[in-house]
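Just below is one structure, and these are the notes that go with it.
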Amino acid sequence: MSAQAAVDDPVHLRFLQVRGLPLLVAAVGPHGRGPRLLAALDERGLPAIAGFLGVDLPRGARIGFSVDADDLRLVDEQDATLLRAPRAAVDAGWLAAARRVRGTMLVVVRDTVLSADEDPVALAARIDTLARAGAVSGAIVGVVEERPTLPLLF
């Protein structure tokens, strides 16, 4: 993917840890695959949140993450892939924390841009402001790692 294609991508991910717990922030833009992803998340029960700082994220969204040797995939109950990211782009610390607790906090922010350089404290405050304006959905969702298995030979 070219640098311009990455800039134009309507979905940007940021992997963080908050007090040792994994947090994945997805900023979803209003063009390309963005509106389809937002509609799919709404259909699968990812609720709007009224705030972020000091708020416990709900559970029960019918989505989760699956990690294999090549990709991190956001999947629904039927294992349909809603979003895919190359495993090489996944932060190793986030993945270790997500493995440990078998889940992550997922926050989806509408119509904003994420920067890899933004201070995490400033990002959290910005997410809180956007959530209070009705532009954020979120939940605690599962993370499973698919391990390759050897075929059984008889």
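Read the figures in this text as sums done on the coordinates, not as results from a lab. Remember, predicted model here, so these are calculated numbers, not experimental data. Quick reminder, even Gly has a Cβ in these numbers, built from the backbone with ideal geometry, and neighbours come from all protein chains shown.
Over the chain, what number does the Rg to Rh ratio reach, with both radii from the alpha-carbon atoms and Rh per Kirkwood?
Radius of gyration over Kirkwood radius for the chain works out to 0.97.
Using a Förster distance of 25 angstrom, determine the FRET efficiency expected from the C-beta separation of residue 43 and residue 119, and round it to 0.05.
Efficiency, from the Cβ-Cβ distance: 0.15.
I'd like the orientation of helix 92-101 relative to the chain: the angle between its Cα long axis and the longest Cα principal axis, in ° from 0 to 90, rounded to 10.
Orientation of helix 92-101: about 80 degrees from the principal axis.
Output wanted: per-residue J couplings in Hz (rounded whole) for the stretch 79-87, from phi through Karplus 6.51 cos²θ - 1.76 cosθ + 1.60, θ = phi - 60°, x for Gly and Pro.
Along the stretch 79-87, the couplings run 6, 6, 7, 9, 7, 9, 9, x, 4 Hz.
Among DSSP beta bridges lying fully in the chain, give the percent that are antiparallel, nearest 5.
Antiparallel bridges make up about 70 percent of those DSSP assigns within the chain.
Using the Cα centre of the stretch 64-154 as origin and beta-carbon charges of +1 (Lys, Arg) and -1 (Asp, Glu), tell me which of 85, 140, 106 is placed farthest towards the positive end of the dipole.
Value computed over the given set: 140.
For residue 9 and residue 89, compute 0.36 nm times the residue count separating them, minus their Cα-Cα distance, and round to one decimal in nm.
Stretched out fully, the residue 9 to residue 89 stretch lengthens by 27.3 nm.
Give me the dipole magnitude in Debye, nearest 20, for the stretch 2-154 about the Cα centre, with unit charges on the beta carbon: positive for Lys and Arg, negative for Asp and Glu.
Computed about the Cα centre, the dipole is about 320 debye.
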